[in-house]
Amino acid sequence: MIPQIINGLIFASILFLVAAGLTIIFGILRVVNFSHGSFYLLGIYIAYSITRFSQDPVLYLASPFIAGALAGAVGMAFERGLLSRVYGRGELFELLLTYGMIFVFIDVFRIGWGTMPISDPTITFKLGTVSIAGYLMPLYNLYLITIAAILALVLWYLLFKTRVGMIIRATSFDKEVTSSFGVNVNRVYVLTFFLGCFLAGFGGGLMLPVTGAWIGLDIDMLILGLVVVVVGGLGSIKGALVASLLIGLVRSFGISMFPAIELAIVYVIMIAVLIVKPSGLFGGVEH
Amino acid sequence: MRDFRIVYLAIAIILFCIPFTGEYPTYLTGLALLFGISALALNVLLGYTGLLSFGNALFFGAGAYTVGLLIKHYDIAAIEILFPASIATSFAVAVAVGFICVRHTRIYFTMLTIALASLFYALAHKLRPITGGDDGIRIYDTYLFGREIASVTEFYYLILVFFFASILVLRIILKSPFGLTLQAIRDSEMRARFAGISITKYRLGSFIVSGVFTGMAGALYALFLGQISPDDVLGLTRSGEFVAMTILGGFTSFTGPVVGAFVFTYLKAFVSSALIYWYMVAGIIIIGVVLFVPLGIMGEIERRLLWRR
């Protein structure tokens, strides 16, 4: 039981980071960022490059933060340079723009990091293992879950307890009214995109020692992120948290019990939730 | 109107003559025709109903896998059986999936189509004993009314027949009261509802039309290529290609998706043979179309023609 729970929590942590970014961006910009999985993958690749410089554990532990910041910066550039040009032209074009980015990213990855999968579990060995209820666990896995939980708390604090968060929530609630109160909505957009892409890149950086990266992971992660967001309710961070825990644990137990259909179970849960509650578990956004 | 008829006739003659130019152009044009059917079918949803499906590979795969599985497990090699079976499967899948999807619109609809297509992708991928998993299924030795169909040219003409039939039938469907109702719902859902139209029923109808024609294209694809795999026929990139083709050609025009499918297929073939960075080019094309030619090739041409008058 314990290993499945720990693995499920790892998976849930990453799903939450990815899905929270997707859902925040949707909440503010009303755009589903199809290139979100690519930002996740970018995070892994950047963390990989950073940790080539030295084998210092501190650098390893710092790399997700740098990867997240860089992915966020790329996201900001994308939002300002391309996405902002199609605002108001309908979601079809916004979606397609982020979809087109997936392919640009694929070749950027191939040029920058080659076509072979990369991985680097060094930090897992350096941190060693701990024993939980008789099971040996890499300490890094516990670190990953803890740091993701802390980030979830920070995110909650940022959005619900600070002035910036209040402005972000106000923008998601009513753009026009917020802007009439003197808020520069464009800056909120950029900030949101940074935040969303930071979370994706950060999640990617954390996963370098666990899964590594390969081209194709971007789309896998996008789809899982979308499933979590649909189950949790589009635009709801609480929903993303609950849904990622649900999907993470189900998948982890599914892998150990029904390996042939573990992914299918995830989709079946999604369909079941949608039939019972079409707007998702915590869906507040009208559609 | 008369000058357009001449253009259509000329295109039909050119398409008929393609096999005389060699095997490779025939193969490419055959693909373009199949994808043309798929893109037209996608546009029933996108252009005429206002629903963006990013999961139409689901039907494409349903059609293709029906052919593959029947050949693999039941040794059914008769195209006259494989074909109706594919259509029946994609119809059934469209009804089941549509039942879940059409209650939603806009982005929710799009995300659901992705997720449901992914479910089938995951199944095809993981149920190795049945589907062959990653390796997919090989399709060979198929017969049409007792005659073996093997050459690219024979398949090409088979596809061509279905291509013209699809265009004709879709044209009739979209011009019918059913098609006009779809457009009315697209333009104003509320007005259509006030007029007493059952919106969900019409959307489901549109979904089924789209699914059946895409499934048919998938079945043709399986026969034509002789090899299918989950990534090739069920993946998100396959669904995305249908969308990209439709947008490139123009979703506001009936013929746009076909033009998009042709341009996209030829471009992909030429670029990938010259350059290893096809993905980058595809991404830039999609972004470029969105930014600079949002109406697509045919939409832009039609707009300019109207302007001149």
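Things to note:
- Dipole-positive endmost among A:173, A:135, A:33 within the stretch A:2-215 (Cβ charges, Cα centre): A:173
- Residue B:144 long-range amide H proximity, modeled H, under 5 Å: B:79, B:149
- Inter-chain Cβ neighbour count for A:260-266, averaged per residue, equals 5 (cutoff 10 Å, partner chain atoms only).
- Across chain B, the longest run free of exposed loop sites, meaning chymotrypsin sites (Phe, Trp or Tyr not before Pro) lying outside DSSP classes H, G, I, E and B with no more than 14 other Cβ atoms within 10 Å, spans B:146-309.
- Averaged over B:228-236, number of beta-carbon atoms from partner chains that fall within 10 Å: 1
- Approximate spin-label separation residue B:11-residue B:75, in nm, with each point projected 7 Å along Cα-to-Cβ: 4.4
- Distant-in-sequence amide contacts of residue A:132, defined by a placed amide H-H separation under 5 Å and a gap of 5 or more residues or a different chain, comprise A:137.
- Relative contact order (percent, whole number), chain B, Cα cutoff 8 Å, 6+ residue spacing: 32
- Residue-span extension gain [residue A:261 to residue A:58] - 0.36 nm each, minus C-alpha spacing: 69.2 nm
- Percent breakdown of C-alpha pair distances by 10 Å bin, ordered from the shortest bin, for the stretch B:23-308: 7, 29, 36, 21, 6, 1, 0
- Cross-link reach is defined here as a Cα-Cα straight distance under 20 Å, omitting same-chain residues fewer than 8 places apart; for residue A:175 the aspartates and glutamates meeting it are A:79, A:91, A:94, A:286.
- For chain A, the relative contact order is 38 percent, taking Cα pairs closer than 8 Å that sit 6 or more residues apart in sequence and dividing their mean separation by the residue count.
- Computed over chain B with a Gaussian network model linking Cα atoms closer than 10 Å, the most mobile of B:222, B:274, B:192 is B:274.
- Choice from A:94, A:176, A:79 with maximal GNM fluctuation in chain A (Cα, 10 Å cutoff): A:176
- Each part reduced to its alpha carbon centroid, the stretch A:90-169 and the stretch B:240-266 end up 35 Å apart.
- Modelled FRET efficiency - R0 35 Å, residue B:292 with residue A:73, Cβ distances, 0.05 increments: 0.85
- Site pair residue B:273 and residue B:303 shows an inter-label distance of 3.3 nm when each label is modelled 7 Å from Cα along Cα→Cβ.
- Chain A: DSSP helices with Cα axial extent of at least 24 Å and average Kyte-Doolittle hydropathy no lower than 0.5: A:2-29, A:57-81, A:91-113, A:139-161, A:185-207, A:237-257
- With a simple spin-label model that places each label point 7 Å from the Cα along the Cα-to-Cβ direction, the separation between residue A:137 and residue B:197 comes to 5.6 nm.
- Between the C-alpha center of the stretch A:52-72 and that of the stretch A:210-233 there is a gap of 22 Å.
- GNM result for chain B, Cα springs below 10 Å: residue of B:86, B:176, B:229 fluctuating most strongly: B:176
- Note on residue B:126: aspartates and glutamates with a C-alpha under 19 Å away, same-chain residues under 8 apart excluded, are A:220, A:262, B:134, B:135, B:231, B:232.
- Reduced Cα scattering model of the protein assembly as shown, Debye log10 I(q)/I(0), q = 0.07, 0.09, 0.10 Å⁻¹: -0.43, -0.72, -0.89
Taken together, the values in this text are just the output of simple stated rules run on the coordinates, not laboratory data. Bear in mind the structure is a predicted one, so any value in this text is a computation, not a measurement. Heads up, the Cβs are rebuilt from the backbone with ideal geometry, glycines too, and the neighbour counts pull from every protein chain shown.
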